[in-house]
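**Q** The following block contains the structure, expressed as structure tokens.
The values are calculated or read from the model by the stated rules, or taken from the named source; none is laboratory data. Everything numeric in this text was worked out from a predicted model, so none of it was measured. Neighbour counts run over all protein chains shown; Cβ positions are idealised from the backbone, glycine included.
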Amino acid sequence: MIKTASLPVHGQEATKNFVIALAGNPNVGKSTVFNRLTGLKQHTGNWPGKTVTRAEGTFFHRNRHYTLVDLPGTYSLHASSTDEQVARDFICFARPDLTLVVCDATCLERNLNLVLQILEITDRVVLCVNLMDEAKRKGFRVDIDMLTHKLGIPVVGTAARSGRGLSRLKNVLDDMVAGKIVTTPQQVVYDPELETSINEIAKRLTPYLPDWINSRWAALRLLERDYSVLDHITDNKNKNYSPRILKKEVALCLQ
Amino acid sequence: MVIPNSLSLIDIPVGDSARVVNILTIGANRRRLLDLGLVPGSRVEVIRRSPAGNPTAYLIKGTLIALRNEDARQILVDTN
């Protein structure tokens, strides 16, 4: 067993296609990162809503096939616009093998909001701090090690326009997919009253949710009266539990 | 909640900046404004008004964002 583990990947592993979702704020160089990784010439440009729907590209690295899905740029994942809904539904319900979040090194404060929101959905996240060249020019020093430590996920600094950091990024993506990296994502802790409600709802919800949906995240959405998550409840676990009944029960919980 | 004599973002002249104190809206609209970086304590610079006077462009955490005056009115600020 130990010997085979160090051999090159064969069979199922080699043919499996790993899906990586590419998310981030508008205008942080997501499409440039996408093009660098896939070699595709997807149009890049500096205006809002450019990536209207998602674009896909593939690449091959260390014997593995990857499909990279370029999502629309958003500031948040609250599904208040079509763009946000596309991005959120993909990260949450399409079950990508991992999510690569690209952010702008020159305005991290703005960008980390989305990172924390994504970490509430999934722990399979790699952060790419792009535009490191521009940050340096503006006199910013970005402490990648500190970010890695604070966020509990792998963080890679890049300058995608010149290609700097991209090969390291590919290696980190590969290490994540191979299960060589264990993440301990930073979770937002809300005030005690809210935490009690979150825990209560999450506990009741867990048995009815597919195991790939984070019940804490689902509880938070329900508390915001966003019921779209209930559409993903599997009825094979309990046929008597329909989204309609659950919605009613949640409404009672919230009173 | 009404704070007497408080300024809202709409009262800040073009070229000046102010610090967010509170957001008066609730629900999805509040969430949206928070996601755009309008959290208490953040600095906002008024960059320019459109010819009709609405919307107005603001510089918030390194990004230029246009807000309707109806929304800007809900954002309380101080000029310190």
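**Q** Give me the residue from the stretch A:5-41 that is modelled with pLDDT under 85 and in contact with a helix residue (DSSP H, G or I) (Cβ under 8 Å, 6 or more places away or on another chain) and, out of that set, surrounded by the fewest Cβ atoms within 10 Å (Cβ to Cβ).
**A** A:Lys41
**Q** Pick from B:Val14, B:Val44, B:Val39, B:Val20: which is away from chain A (no Cβ under 14 Å) and of a type in the set (Val, Ile, Thr)?
**A** After ruling out the rest, the residue left standing is B:Val14.
**Q** Looking at (1) without any contact (Cβ under 8 Å) to a residue 12 or more places away in the chain; (2) of a type in the set (A, V, I, L, M, F, W, C); (3) more than 14 Å from every other protein chain (Cβ to nearest Cβ), which is the only condition A:Met176 fails?
**A** Evaluating A:Met176 over (1) without any contact (Cβ under 8 Å) to a residue 12 or more places away in the chain; (2) of a type in the set (A, V, I, L, M, F, W, C); (3) more than 14 Å from every other protein chain (Cβ to nearest Cβ) leaves (1) as the failure.
**Q** Then there's this: Listed residues B:Asn22, B:Asn29; which is out of contact with any His (no Cβ under 8 Å at 6 or more places or on another chain), at pLDDT below 95 and in a strand (DSSP E or B)?
**A** B:Asn22 is the lone residue from the list that is out of contact with any His (no Cβ under 8 Å at 6 or more places or on another chain), at pLDDT below 95 and in a strand (DSSP E or B).
**Q** Kindly list the number of the only condition in (1) out of contact with any Lys or Arg (no Cβ under 9 Å at 6 or more places or on another chain); (2) modelled with pLDDT of 90 or more; (3) surrounded by fewer than 16 Cβ atoms within 10 Å (Cβ to Cβ) that fails for B:Pro40.
**A** Unmet condition: (1).
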